[in-house]
1. Being within 15 Å of the chain's Cα centre (by Cα), among the β-branched types (Val, Ile, Thr) and under 20 Å from ILE8 (Cβ atoms) narrows it down to one of VAL60, VAL56, so name that one.
2. Tell me, which helices (runs of 4 or more DSSP H) lie completely within the range 23-114 with 2 or more residues that are polar (S, T, N, Q)?
3. If you go through the range 70-106, how many residues are in contact with an Asp or Glu (Cβ under 8 Å, 6 or more places away or on another chain) and at pLDDT below 95?
4. For the range 2-30, enumerate the residues that are of a type in the set (Lys, Arg), surrounded by fewer than 16 Cβ atoms within 10 Å (Cβ to Cβ) and under 19 Å from ALA49 (Cα atoms).
5. Examine the range 60-69 for a residue that is surrounded by 15 or more Cβ atoms within 10 Å (Cβ to Cβ), farther than 29 Å from ILE137 by Cβ and at pLDDT below 95, and state whether such a residue exists.
6. The conditions are (1) in a loop (DSSP other than H, G, I, E, B); (2) free of Cβ contacts under 8 Å to residues at least 24 places away in the same chain; (3) within 30 Å of LEU52 (Cβ to Cβ), and PRO118 fails exactly one of them. Which is it?
7. Does the range 31-53 contain at least one residue that is among the β-branched types (Val, Ile, Thr) and either on the phi > 0 side of the Ramachandran plot or in contact with a Gly (Cβ under 8 Å, 6 or more places away or on another chain) (or both)?
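The values are calculated or read from the model by the stated rules, or taken from the named source; none is laboratory data. Because the structure is a prediction, the values reported are computed rather than measured. Using ideal geometry, Cβ is built from the backbone for each residue, glycine included, and neighbour counts are taken over all protein chains shown.
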Amino acid sequence: MTGRDCSIANALSVVGERWSLLIIREAMFGERRFDRFAANTGASRDILAARLKSLVAAGVLRREQYSDRPPRHEYLLTESGRALRPVLMALMEWGDTHATAGDPPTVWEHDCGATLHPTLTCGHCGAEVLEGTLTPIRLGAIT
């Protein structure tokens, strides 16, 4: 048995590893270079190289050469990678509330001047999605 077909499992197969999420975090902070990813994530160079390669292969990052001598590359978020922003913001909010003692290490300020606290809203009606307001509609059954 392979289990339920699940978009969460599919997403986790691409970005569900600690170092991958930390690389994406750094890219969202504006980092692009291997050495900066290494310094800011704490990942070993071999793990970092492997994760960057897999994120490029998955289309989350794109690799661009910025120097010929020596050949050097930087990594930029693709549209797919930028689409992970709400996921990381929600994960950060959860971590600030449930996994961080004291003040959060980083906050995001919105253009309005307030600290961002992301919420889930319905794209159709604009209402906040609260517990008890969703119903799962299974399009495929476990076989």
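1. Details: VAL56 fails: under 20 Å from ILE8 (Cβ atoms).
None of the others qualify; the one that does is VAL60.
2. On the way: elements: 34-41, 45-57, 79-82, 85-98.
Once the helices (runs of 4 or more DSSP H) in the range 23-114 are filtered for at least 2 residues that are polar (S, T, N, Q), what remains is 34-41.
3. Final tally of qualifying residues: 1.
4. From the range 2-30, those of a type in the set (Lys, Arg) are 4, 18, 25; that's our starting set.
Checking the rest, the ones that are also surrounded by fewer than 16 Cβ atoms within 10 Å (Cβ to Cβ) come to 4, 18.
Across the range 2-30, the qualifying residue is only ARG18.
5. no
6. With (1) in a loop (DSSP other than H, G, I, E, B); (2) free of Cβ contacts under 8 Å to residues at least 24 places away in the same chain; (3) within 30 Å of LEU52 (Cβ to Cβ) applied to PRO118, the lone miss is (2).
7. Filtering the range 31-53 down to residues among the β-branched types (Val, Ile, Thr) leaves 41, 47.
Next cut, either on the phi > 0 side of the Ramachandran plot or in contact with a Gly (Cβ under 8 Å, 6 or more places away or on another chain) (or both) only: none.
No, the conditions are met nowhere in the range 31-53.
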